[in-house]
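The values are calculated or read from the model by the stated rules, or taken from the named source; none is laboratory data. Treat the numbers as computed from the prediction; the structure is a model and nothing was measured. In this analysis, Cβ positions are derived from the backbone assuming ideal geometry, glycine residues included, and neighbour counts consider all displayed protein chains. For the accessible areas, the whole protein counts, side chains as well, though only heavy atoms, and no ligand, DNA or RNA atoms are used. Shrake-Rupley method; radii C 1.70, N 1.55, O 1.52, S 1.80 Å.
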Amino acid sequence: RTLGFLYTETGNEKTVVCLMHPREFSGTPYLVPDVLDAACACWVQAPRSIGNDLRLEHEVALLDVAAGVAHLRKLGFEKIVLLGLSGGAGLYAFYTQQALRAPEARLENTPGGRPVKLGAADMPAPDALIFVSPHPGQGKLLMNCIDPSVVDEQDPMSVDASLDPFNPANGFVEPPASSKYSTEFIVRYKAAQRARVERLDAHARELLRSRAAARRKLKQLGEGEVPSAELRRQVAHTPIFPIWRTDADLRCWDLGIDPSDRDVGTLWGQDPYTSNLGSVGFARLVTPESWLSTWSGISSNASFEKCGPEITLPTLMLEYTGDQAAFPSDMDAIFASIASTDKEREKVRGNHHGMALTEGEESGQVAVGRRVQQWLKTRGLA
């Protein structure tokens, strides 16, 4: 079962445009009116766990997307366009990759080892794709913003001063001024970010191995043999662990790296301590399975780097020039990864959510909506 809302003006539309985010839900994303004004229906789908990373495995989420798309086909829509907004872009890129594959070539397991029968699923392929303010994928996003100065995962206050992005000795300057990090520090920082993700991957896999070993022991018990309370606890236990300090992309503080129209700060604001150590943040609370499938920049399958080379459908990519989650080099890599020879890219002024960058300026949401309408109409999709 999955939840979705179908918006329509006439009930006779031939094309439906789908919007979904893997972790968040808004019943009326800002592009819904523009889709309707383009004479298309609009399907807005919710993830199975809204605002909760504990159960989010992208491979399983693809089954939700498939259920929605198959439902729309049964309703008689002739054309289906997937519109990925922010994290929805990576989800729809992943779905498209798997839907375009022969069933026997689809993934059979999540990175954590959970069987997922994508090959047996009804996964209708879409007809076209629109990506608005996409980022490289949840895992790749986190790889860029995870704080590598954490010394001990059990101690959120532990800091390696030589890698601390908020240490003035390393080039940090209090906002709203821009920091200035050296090339040498940036290189060390990126290497340490990957090393931290590798350690978290190893930790997640060890937790899964321990639970799998307990389950094997349970299955090996003889007939009539009663499992010990300790073994039952081990089999039933689902590890959950916090990941602190996940909002430390150097580009958010040093405007000289990957220059754009953005202001100093992140999606969460200009206080690095609040966003890095507060209760709300990327990947703050995960299971081994959700970490490996969604947030690991190494293990996750849901990235443009892995999916883009198999996307061959007509594609429109719209990026905001003041985006604080994805930056010009990210956008270049995303667009280059898409294999389609029928693809367009356009820049629009606005922040990650399309809000105006200066007072009195037209909202980026309005400009993007206008461009989406135009593309749908000129491509014969409206």
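Points to keep in mind about this one:
- Protection proxy ranking for 109-121, 151-163, 320-332, using the average of other Cβ atoms within 10 Å per residue and placing the highest first: 320-332, 109-121, 151-163.
- Within the shell defined by Cβ-Cβ distances under 15 Å, the residues around Glu174 carry a net charge of -3, with Lys and Arg each +1 and Asp and Glu each -1.
- Dipole of the chain computed with +1 at Lys/Arg Cβ and -1 at Asp/Glu Cβ about the Cα centre; of His71, Leu267, Leu3, farthest Cα towards the positive end is His71.
- Of the GluC sites (Glu not before Pro) found in the range 221-288, the ones in coil according to DSSP and having at most 16 other Cβ atoms within 10 Å of their Cβ are Glu223, Glu225.
- In this Cβ point-charge picture (+1 for Lys and Arg, -1 for Asp and Glu), the chain has a dipole of about 1380 debye about its Cα centre.
- Sequence-distant aspartates and glutamates (8 or more away, or on other chains) whose Cα lies within less than 14 Å of Lys79: Glu13, Asp127
- Three-way shape call for the range 204-304 based on the alpha-carbon gyration tensor, with the a/c threshold at 1.5: prolate
- Spatially, the range 111-157 and the range 12-62 are offset by 17 Å when compared through their Cα centroids.
- Using the 1.4 Å probe convention, the accessible area of the range 7-99 works out to 33 Å² per residue with neighbouring protein chains retained.
- The chain, helix-only ellipticity at 222 nm - DSSP H runs n ≥ 4, -39,500 (n - 2.57), divided by all residues, nearest 500: -10500 deg cm²/dmol
- The chain, accessible surface, carbon-and-sulfur percent (1.4 angstrom probe): 53
- Selected from His135, Tyr92, Ala121, residue furthest toward positive end of dipole (the chain; charges at beta carbon): Ala121
- The range 184-215 and the range 270-304 have Cα centres separated by 13 Å.
- Remark: the range 175-312 carries 49 Å² of accessible area per residue (probe radius 1.4 Å; ligands, DNA and RNA excluded).
- Per residue, the range 122-173 exposes an accessible area of 32 Å² to a 1.4 Å probe, with every protein chain left in place.
- In a reduced charge model with +1 at each Lys and Arg Cβ and -1 at each Asp and Glu Cβ, the range 190-234 shows a dipole moment near 300 debye about its Cα centre.
- The label point for Thr274 and the one for Thr321, both projected 7 Å from the Cα toward the Cβ, are 2.9 nm apart.
- Placing +1 on each Lys and Arg Cβ and -1 on each Asp and Glu Cβ, with no other charges, gives the range 16-104 a dipole about its Cα centre of roughly 180 debye.
- Candidates Ala325, Thr358, Thr312 compared by Cα position along the dipole of the range 278-382: farthest toward the positive end lies Thr312, with charges placed on Cβ.
- Heavy atoms of Arg345: accessible area, 1.4 Å probe, square angstrom to 10: 80
- With a cut-off of 13 Å between beta carbons, the residues surrounding Arg55 carry a summed charge of -2, where Lys and Arg count +1 and Asp and Glu -1.
- Highest mean packing first, where packing is the average number of other Cβ atoms within 10 Å per residue, the peptides 208-214, 233-239, 21-27 line up as 21-27, 208-214, 233-239.
- Global form of the range 236-286, assessed from the alpha-carbon gyration tensor, a/c cut-off 1.5: prolate
- Scoring 308-316, 184-192 by mean Cβ neighbours within 10 Å over their residues and listing the highest first yields 308-316, 184-192.
- Cα gyration tensor shape for the range 119-224, rounded if a/c is under 1.5, else prolate or oblate: oblate
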